[in-house]
Amino acid sequence: MISFALRCEPHGHGFDGWFRSGEDFDAQAERRLVECPVCGSTDIAKALMRPALGKGGKASVAGDQAQTAMAPGGGYVNAEAAKVFAKLQEMARELRAKADYVGPRFAEEARRIHYGETEARQIYGEASPAEVKGLGEEGIAALPLPPLPEDKN
C-alpha cells in the first residue's frame, strides 16, 4: 500500500489516499472513482509530497503547512485535513450505530458475506493488516475506521 497526498483540482482541498500502487491510483482516478471527501469532486490529482524521512519529522498533507491543526496522536495536519478527519469520525459513528459489530471475526465474516454464505449486511470489527490485504486480494472492500475520542474512554 502507498499513501498519496491528493488535491481536489476545482477547489484545492487536500487529503490523503491509500492505494495498492501508483498505477492503481491512476486507474481509479481515470474512472472517476477517487472522490474529494470535502466537496465530492472526482477531478483529483496527486499533490506535491515530501518524502518520509524518518520518525522524527512531521509530514504535512499536500505539502501545505500554512494552516495546521493537531491530529489525534499528536501529529500535525492542515486545517482541511482536520475537517476531513472530523467528517470521517462522524461517518464512523454512523456506521457503528447501523452496522453489526463482529469483533476479531471481521475478515472471516466479510468473506462469508462476500461469498453469499450469510446475509449481506454492514459489519465492523478488528482485522490485522495481513487480513485486510488478503481481503483486498479477493476483491473484498475493507476500510479502516478512524479512531474516535470515545474509544479511549
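Side notes on the structure shown:
- Pairs with Cβ under 7 Å, 6+ apart, first in segment 1-23 and touching a residue at least 40 places away in the same chain (Cβ under 8 Å) and surrounded by fewer than 20 Cβ atoms within 10 Å (Cβ to Cβ), second assigned to a strand (DSSP E or B) and among the aliphatic types (A, V, I, L, M): Asp16/Ala5; Asp16/Leu6
- Members of segment 15-39 found to be over 20 Å from Ala81 (Cβ atoms) and assigned to a loop (DSSP other than H, G, I, E, B), listed by number: Arg20, Ser21, Arg31, Arg32, Leu33
- Of all residue pairs spaced 6 or more apart or on separate chains, those with beta-carbon atoms under 8 Å, a first member in segment 93-118 that is in contact (Cβ under 8 Å) with a residue 40 or more places away in the chain and a second member that is open to solvent by less than 90 Å² (accessible area, probe 1.4 Å) are Arg93/Leu148; Leu95/Tyr124; Leu95/Leu145; Arg96/Tyr124; Arg96/Leu145.
- Number of the condition not met by Glu117 [criteria: (1) at pLDDT 90 or above; (2) among the charged types (D, E, K, R); (3) part of a helix (DSSP H, G or I)]: (3)
- Positions within segment 101-121 being surrounded by 11 or more Cβ atoms within 10 Å (Cβ to Cβ) and acidic (Asp, Glu), in sequence order: Glu108, Glu109
- For segment 78-100, the condition of being surrounded by 11 or more Cβ atoms within 10 Å (Cβ to Cβ), modelled with pLDDT of 90 or more and assigned to a helix (DSSP H, G or I) holds for none of the residues.
- Pairs are defined by a Cβ separation below 8 Å, a sequence spacing of at least 6 or placement on different chains, a first member in segment 121-134 that is under 15 Å from Arg20 (Cβ atoms) and hydrophobic (A, V, I, L, M, F, W, C), and a second member that is part of a loop (DSSP other than H, G, I, E, B) and open to solvent by 50 Å² or more (accessible area, probe 1.4 Å); the pairs so defined are Val132/Pro144.
- The lone exception for Asp43 - which of (1) modelled with pLDDT of 90 or more; (2) more than 21 Å from Phe15 (Cα to Cα) it fails: (2)
- Screening Tyr124 on (1) within 16 Å of the chain's Cα centre (by Cα); (2) loosely packed, with under 13 Cβ neighbours inside 10 Å shows it passes everything except condition (2).
- Scanning segment 110-121 for residues that are among the charged types (D, E, K, R) and either within 11 Å of Ala142 (Cα to Cα) or under 21 Å from the mean Cα position of the chain (by Cα) (or both) yields a count of 2.
The values are calculated or read from the model by the stated rules, or taken from the named source; none is laboratory data. Please read all numbers here as calculations on a predicted model, not as lab measurements. Please note: Cβ atoms are built from the backbone with ideal geometry, for glycine as well, and neighbour counts cover all protein chains shown. Only protein heavy atoms, including side chains, enter the accessible area calculation; ligands, DNA and RNA are left aside. Shrake-Rupley method; radii C 1.70, N 1.55, O 1.52, S 1.80 Å.
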